[in-house]
Every structure is written in structure tokens, then in C-alpha cells.
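The values are calculated or read from the model by the stated rules, or taken from the named source; none is laboratory data. What you see is a predicted model; the values in this text were computed from it and never measured. All Cβ positions, even for glycine, are placed from backbone atoms using ideal geometry, and neighbour counts span all protein chains on display.
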Amino acid sequence: MPYKIQKTCSEIAQLIDGELIGDGNAIISGLNRIEFAGRGDLTFYNDIKFAEFFNNSNASCIIIPDKLFNELETNPNTVYIKVDNPYKKFIAILNKISEENQSVNYGIHPTAIIDSSAEISEKSYIGPYCVIGKNSKISANVVLHSNVCIYDDVIIDEGTFIHSGVILCNETKIGKNCIIQPGAVIGADGFGFIENPDGSYTKIPQLGNVIIADNVEIGANATIDRAIVGSTIIGNGVKIDNLVHIAHNAEIGENTAMAAQVGISGSTKIGKRNRFGGQVGIAGHLHTVDDVSIQAQSGVAKSVLKPGIYFGSPVKERIKAFRIEAALHQLPEFISEFRTLLRKLNQIPGFKD
């Protein structure tokens, strides 16, 4: 277990406002899924499909839904905590344990290379081999893990946590309480070229920047390109998974979430509270309205102007797309039946197909 835990079951029940059933003095030293939890572990049970694991669990403490408690076969050696939503309460415990284990010593590692014009808060941490360029500003409670590379004129606001290997290019602005996972590249040149008559390309200078608002999380090896002019903008509360690419001059509305390998083309504007499944691709210069969900591997070739759930390539409203898919699955049988019918018709004197 990567985190240190030493709590009694009573302390955990109090933390999540749950009803304790069993020995409140039992000590919890680990967290695990119900399939693998053993003595000393805390886990949760929330779905009847895991009933087999619940019945055979050796966990010391299980968080359970209060509405199911009377239907469950309990173990006298196990402590139970009744709550309304075990999964959410378990997440609350994870957050608490994470907070308790995050201890950062402020300071600058001696191997860091920092330009003399940079402003570094005394309440920040700059890890080994970090590089910070001219006129960049690092605010209080910012953490830069090892090998973070920050170009010139970058601003990072309070409470942001940046993991190893992240690169922030010129004039990138990062808001408060953001998390940037290892290997992300923010502010690299967008894919901008003019094709010449002979088939060669002339590069279009990328002179804009990237602006990341507050409470944004960016996954490992994600890439967000700087604008040609102006800014590529990521709104408040946006969650971006690993290996997502957002092209130049795109705008992502607040509280939008994107799963792995989503691609957003240049100058596309995404509305608020959009949800994109893995490998969704969106063509350039389009826009989506607020409250749009697009399911995995869908392709968006024109703007989405109505809230709802969409699927397919090109995308259609989900119900329509599923009906089309169902019809396509039946197509081989339809063709076979058609050919059989055609053969019978051809046997009728005077019929020609």
C-alpha cells in the first residue's frame, strides 16, 4: 500500500458519517478492492454482482449500503459501516488519506536551473533538475517534481501540482489547484502549414499561448498546442485523460471531461459539461453546445447544435445510431433472403430480374 494508514473503524465511521456495526477499536492499515481485501483492510460493497466476494471477504471492515444490510449474511469477525452510498464514502476516505500523506518540504533543489528574472514563491517546491526560464512566476504551494521544464514568461498559480517530465512552453498560464501528470506538453507549436504549389510546406508561426483555468487536471503525455495568435483555452474544472491532443486555438468549456486518445482539431470550440469517450475525434472549426456526450470512437464532422448523447462516425443521436447499427448487423441475412427470393422469381416464366 503506497499510503500510510492507521485508523480505527470508529474513526472511519465518524469520518464518513456512517453507522458502525462491530468492533470500533479494530485497526485499519490498508485499503483494497473487495476481491482482494484481507485482514487489516477497509473495502466497500455496492453492487450485487460482487456478492460472491462479499460473502467470502476477509476484510476487517466493509462499507455497505444501509438499505441492503438486512439482506446480507454478515461475518462476526468483520466490522461493517452502513452509509447511503458506499462508493462515494470510500472515495471520501481516499481523499482524506491522500491529504494526510501529502507532505511537501518547501524549497529549491540545488540541481534546479532557474533564471535570475524568475519569481519563485518561498512556499513552493522546485524538484531536482527542473529548468525555469526568464520572467516566469511560480506562486505559493506550487510543486514541481523532477525534470519539469518551464520556458520563458510562464505563470503558474497557487496550489498547482506538476509531475515529472512536464514541459510548459513560452507564455503558458496555469491556474490554481491544477494537476498535470507526467510527460504532458503544454504550449508546443500547433500543426500549422501552408501547402505550396510544388507540394512542399511553409510553416505558419505559432505566436499565441495556452491558458489553463483553475481546478484542471491534465493526464500523462497529453498535448495542448499554443494558438497561432490569441490563446488555446481550457476552462475551469476540465478533466483531460492521458494521451489526449488539443490543437491550436481550441476552446474547451468548463467541467468538460475527455477520456484517453480524444483528439480536438484546431479552432474547435467545445461547450460546457461535454463528455467525450475514448478515441473520439472532432474535426476543425466546429463547435458543440453545452451538455453534449459523445461515446467512444465516434467521429464528429459537423457542429453538434443540440444537447444529448451521440454515437457513430459521423455522429448521430445515440438511439438513431444504435438502430442503424442493428440494421447493419441484419444486412447479411437480408441479402441472403433477397437472393433466395430472386432465384425463385427467376424460375417464373417471363420474369426477368
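Here is a yes/no grid of residues against (1) in contact with a Cys (Cβ under 7 Å, 6 or more places away or on another chain); (2) aliphatic (A, V, I, L, M); (3) over 30 Å from SER139 (Cβ atoms):
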{"site": "LEU15", "(1), (2), (3)": "no, yes, yes"}
{"site": "ALA26", "(1), (2), (3)": "yes, yes, yes"}
{"site": "ASP41", "(1), (2), (3)": "no, no, yes"}
{"site": "ASN58", "(1), (2), (3)": "no, no, yes"}
{"site": "LEU68", "(1), (2), (3)": "no, yes, yes"}
{"site": "TYR106", "(1), (2), (3)": "no, no, no"}
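For beta carbons closer than 8 Å, sequence separation of 6+ or different chains, a first residue in segment 239-267 that is closer than 15 Å to ILE180 by Cα and in contact (Cβ under 8 Å) with a residue 60 or more places away in the chain and a second that is in a loop (DSSP other than H, G, I, E, B) and aliphatic (A, V, I, L, M), the qualifying pairs are ASN242/ALA220; ASN242/ALA222; ASN242/ALA260. Take the conditions (1) touching a His at 6+ places or on another chain (Cβ under 7 Å); (2) assigned by TED's automatic domain parsing to the domain that holds GLY38; ASN95 misses just one of them, which is (1).
Exactly one residue among SER293, SER313, SER336 is in a loop (DSSP other than H, G, I, E, B) and not aliphatic (A, V, I, L, M), and that residue is SER313.
Keeping to segment 234-291, report how many residues are β-branched (Val, Ile, Thr) and touching a Lys or Arg at 6+ places or on another chain (Cβ under 8 Å). Working first, answer last.
Taking segment 234-291 as the starting set, the residues that turn out to be β-branched (Val, Ile, Thr) are 234, 238, 240, 244, 246, 252, 256, 262, 264, 268, 270, 280, 282, 288-289.
Pick out the ones that are also touching a Lys or Arg at 6+ places or on another chain (Cβ under 8 Å) and you get 256, 288-289.
Summing the residues that are β-branched (Val, Ile, Thr) and touching a Lys or Arg at 6+ places or on another chain (Cβ under 8 Å) in segment 234-291 gives 3.
Remark: ILE91 matches the filter, which requires a residue to be closer than 30 Å to PHE161 by Cα and either among the aliphatic types (A, V, I, L, M) or in a loop (DSSP other than H, G, I, E, B) (or both). Tell me whether segment 196-204 contains one or more residues that are buried (at least 21 other Cβ atoms within 10 Å of the Cβ), more than 21 Å from the chain's Cα centre (by Cα) and more than 25 Å from LEU305 (Cα to Cα). Scanning segment 196-204, I find no residue that is buried (at least 21 other Cβ atoms within 10 Å of the Cβ), more than 21 Å from the chain's Cα centre (by Cα) and more than 25 Å from LEU305 (Cα to Cα), so the answer is no.
Within segment 57-72, identify whether any single residue is assigned to a loop (DSSP other than H, G, I, E, B), of a type in the set (A, V, I, L, M, F, W, C) and closer than 11 Å to ILE21 by Cβ, and answer yes or no. There is at least one residue in segment 57-72 that is assigned to a loop (DSSP other than H, G, I, E, B), of a type in the set (A, V, I, L, M, F, W, C) and closer than 11 Å to ILE21 by Cβ.
Consider segment 58-95 and keep the residues that are more than 21 Å from LYS4 (Cβ to Cβ) and charged (D, E, K, R). The one that is surrounded by the most Cβ atoms within 10 Å (Cβ to Cβ) is LYS82. When the residues of segment 168-193 are filtered to those that are within 19 Å of the chain's Cα centre (by Cα) and not in a loop (DSSP other than H, G, I, E, B), which remaining residue is farthest from ILE240 (Cα to Cα)? Ranking the candidates gives ILE174 first.
Looking for something in contact (Cβ under 8 Å) with a residue 24 or more places away in the chain and not in a loop (DSSP other than H, G, I, E, B) - is there at least one such residue anywhere in segment 105-124? The answer is no, given that none of the residues of segment 105-124 is in contact (Cβ under 8 Å) with a residue 24 or more places away in the chain and not in a loop (DSSP other than H, G, I, E, B). Taking the criterion of being at positive phi and under 30 Å from the mean Cα position of the chain (by Cα), the only residue of segment 9-49 that qualifies is ASP17. Take the residues of segment 205-260 that are part of a loop (DSSP other than H, G, I, E, B) and of a type in the set (Asp, Glu): which is nearest to the chain's Cα centre (by Cα)? Among residues in segment 205-260 that are part of a loop (DSSP other than H, G, I, E, B) and of a type in the set (Asp, Glu), the one nearest to the chain's Cα centre (by Cα) is ASP241.
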